[in-house]
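The values are calculated or read from the model by the stated rules, or taken from the named source; none is laboratory data. Note that the structure is predicted; figures quoted are calculated from it, not measured. Cβ atoms come from the backbone with ideal geometry, glycine included; neighbour counts cover every protein chain shown. Surface areas here come from the heavy atoms of the whole protein model, side chains and all, with no ligands, DNA or RNA. Shrake-Rupley method; radii C 1.70, N 1.55, O 1.52, S 1.80 Å.
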Amino acid sequence: MLLILFSALNVACDKTLKVGVGQPWPPFVVINNSNFSGIDIEITRKVLAEAGYCAEFIALPSSIRGLAELEKGTVDVLPAASFSKQRAQYSHFSLAYRKERMRLFWYEDSELAELDLANLMADKKTFVINSGGFYGEEFEQLSNQPNLRDLIVPVKMINQRLYMLQAKRVDFMIDDELSGLYMIAKEQIKGITLHPYVVHDNPIHFMYSNKTVSTAQSQKIDDAIVKLQGEITHIVSDYTH
């Protein structure tokens, strides 16, 4: 009977894709007792189903671990991925399915309001970021400078990053605008706002392992993204309004 049920559940799937999911990142990824929800989870389920694929979500300890497992081919897909040349060496990307804005969260200081990222780093301000996250070419170039590396503190969970900023152990948190504001409202934290400077404003993709996902398979997912644009917009809106 179990065999029949398993077969029935999988008959509509051309392939089951292993989807790597890092630490909780509300409202994009929420994990409760092995149950996955959130914006990126709902979009992933809907898009893969439209493309004829089943999704098996696999919890991973960090974003860095997710990239490593994708490169090895032990997971097939990572959602919420930003394109970079380094990542493209071992993966390929879908069409964009949503946008992301990386912003500076801080306790406002009028003397620093007009400074950009380079000048804030030159002023030796400190930043907490998501380990394994991508913050654009400018940030990559700055953070790789030996005299600036010690200003960057990688922390894998957003609640821990936010608490570090709240405790003023760092001067800034760099994070997605939507996620940061969501967590600030949820935790009812007073005084933390958005610095005017936008660190990175970029499209978000599914990222595929070159070892396990073919271009023909990724094309089916691209077709599904195009078809479901209205529903994807609705999912994002449900979590943000």
Part-to-part distance (alpha-carbon centres) for the range 149-220 and the range 103-133, which is given in Å: 14 Å
Fraction of accessible area attributable to carbon and sulfur, the range 74-134 (%, probe 1.4 Å): 48 percent
Residue-level accessible surface for SER37, protein heavy atoms, 1.4 Å, Å²: 40 Å²
Space enclosed by the convex hull of the alpha-carbon atoms of the chain, per residue, Å³: 135 Å³
FRET efficiency estimate (nearest 0.05) - Cβ-Cβ, GLU50 to TYR163, R0 51 angstrom: 0.85
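Would you mind telling me the share, in percent, of accessible area of the range 168-230 contributed by carbon and sulfur at probe 1.4 angstrom?
On the range 168-230, the fraction of accessible area on carbon and sulfur atoms equals 52 percent.
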Extended-chain gain in nm, criterion 0.36 nm per residue less alpha-carbon gap, ALA96 and ALA118: 5.1 nm
Angle between the chain longest axis and helix 39-51 axis [Cα atoms, degrees, rounded to 10]: 30 degrees
Given charges at beta-carbon only (K, R positive; D, E negative), |dipole| of the range 1-158 in Debye: 540 debye
Per-selection metrics, the range 172-237 (Cα): Rg and Dmax in Å: 17.1, 49
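Whole number in Å², please: accessible area per residue of the chain, 1.4 Å probe, ligands, DNA and RNA not counted.
Details: 12200 Å² over 241 residues.
Value for the chain: 51 Å² per residue.
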Accessible area, probe 1.4 Å, largest first, for residues TRP25, TRP106: TRP25, TRP106
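What is the sum of charges around GLU114, taking Lys and Arg as +1, Asp and Glu as -1, for the other residues whose C-beta is under 15 Å from the C-beta of GLU114? Before the final figure, lay out the partial values.
Values: positive: LYS125; negative: GLU108, ASP109, GLU111, ASP116, ASP123.
Local net charge: -4.
Could you list, in their original order, any pairs among LYS18/LYS211; LYS15/LYS72; LYS15/LYS85; LYS46/LYS85; LYS124/LYS186 whose Cα atoms are separated by more than 21 Å?
On the way: LYS18/LYS211 13 Å; LYS15/LYS72 19 Å; LYS15/LYS85 28 Å; LYS46/LYS85 28 Å; LYS124/LYS186 30 Å.
Pairs exceeding the cut-off: LYS15/LYS85; LYS46/LYS85; LYS124/LYS186.
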Calculated [θ] (222 nm, deg cm²/dmol) that DSSP helices of n ≥ 4 give over the chain, each run adding -39,500 (n - 2.57): -11000 deg cm²/dmol
